[in-house]
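Okay, so here's the structure we're looking at.
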């Protein structure tokens with residue numbers, strides 16, 4: 001049994017090994033009577049053993065891990081320590097050193113051409129699917145992934161591989177990953193409308209597909225970690241592309257009109273509210289003014305009433321004169337006292353008939 005973290009690497013002291021080998025050879029040669037054919041055979045076997053043991057030395061670089069096997073059985077956890085290591089060479093032991101941090105890529109619905117300047121090759125049988133509102137949509141997707149569990153990745157899933165992407169048999173990122181990605185994408189697209197897939201909810205489609213795909217891969221025990229899911233070219237099928245473009249243009253025009261209407265609404269409503277507030281404030285000011293005026297006139301009337309009750313004749317005469325001032329403004333006025341014979345002429349006029357000063361009883 002090996003402790004957690006993988007088998008312990010033996011502390012190799014080559015001087016002790018060589019010293020032990022010399023003493024062993026000396027004893028063997030002594031028993032065989034010195035040199036001769038027997039010594040040559042033993043020496044050859046020893047050299048072969050040394051060379052065979054040396055083939056067990058391997059190196060782990062940054063980002064790599066090594067899965068170790070002894071007579072085909074996996075031994076403990078993968079080795080993660082960087083540097084030189086030793087493990088039993090074949091056929092006794094085997095080691096698989098893999099770069100687990102490398103971000104790999106898988107395409108669905110198309111294949112990327114190896115040569116630059118060559119267009120990608122579409123794969124309609126993977127890309128065509130039905131949306132939730134029963135429309136056919138052409139979806140191309142790219143999946144980025146790495147390895148999160150090397151033991152599961154190498155030994156738990158027996159995958160037939162995929163020759164299009166040069167994935168050898170036995171690794172789960174062949175048909176297993178492709179079929180799982182296709183199943184996850186079809187499930188999410190089948191629960192969404194074509195508008196969500198093509199224009200409005202692409203980010204949500206990508207996120208939901210990544211979650212679904214990771215759940216499927218974890219249930220299979222693939223040891224794959226989905227880093228990113230990205231929708232590439234999403235469109236309607238070629239047979240209805242023109243009609244679909246007309247629909248998109250009509251929707252864009254509708255959105256433009258709605259945005260213009262909202263802009264007009266956002267402009268006219270605040271102005272109308274401001275005008276209404278202005279009218280309300282003016283009405284309130286007029287109300288307050290009328291109330292103040294009415295209260296002042298009432299106070300004035302009450303004040304005159306109190307004076308009238310004290311001196312009725314004088315108050316009546318004063319009110320009469322004030323009334324005449326209001327009825328005959330900007331003209332000369334003559335005040336005649338009925339108790340005297342002379343006439344006081346104001347404004348340079350003479351021979352004026354005397355008039356009573358106040359209202360006659």
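The values are calculated or read from the model by the stated rules, or taken from the named source; none is laboratory data. Keep in mind that what you see is a predicted model, and the values were worked out from it rather than measured. Because the Cβ atoms are built from the backbone with ideal geometry, glycine has one as well, and the counts that use them run over all protein chains shown.
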All but one of (1) modelled with pLDDT of 85 or more; (2) under 46 Å from the mean Cα position of the chain (by Cα) hold for residue 71; which doesn't?
(2)
In a strand (DSSP E or B), at pLDDT 90 or above and out of contact with any helix residue (DSSP H, G or I) (no Cβ under 6 Å at 6 or more places or on another chain), is that true of residue 142?
yes
One residue is enough: does region 176-199 have a residue meeting the conditions buried (at least 20 other Cβ atoms within 10 Å of the Cβ), free of Cβ contacts under 8 Å to residues at least 24 places away in the same chain and not in a strand (DSSP E or B)?
no
Considering region 83-109 alone, what residues qualify as being more than 19 Å from residue 61 (Cα to Cα), surrounded by 17 or more Cβ atoms within 10 Å (Cβ to Cβ) and modelled with pLDDT of 90 or more?
106, 107, 108, 109
Residue among 288, 260, 265 that is farther than 30 Å from residue 198 by Cβ, in a helix (DSSP H, G or I) and without any contact (Cβ under 8 Å) to a residue 60 or more places away in the chain
288
Flag if residue 255 is part of a helix (DSSP H, G or I), modelled with pLDDT under 90 and loosely packed, with under 12 Cβ neighbours inside 10 Å
yes
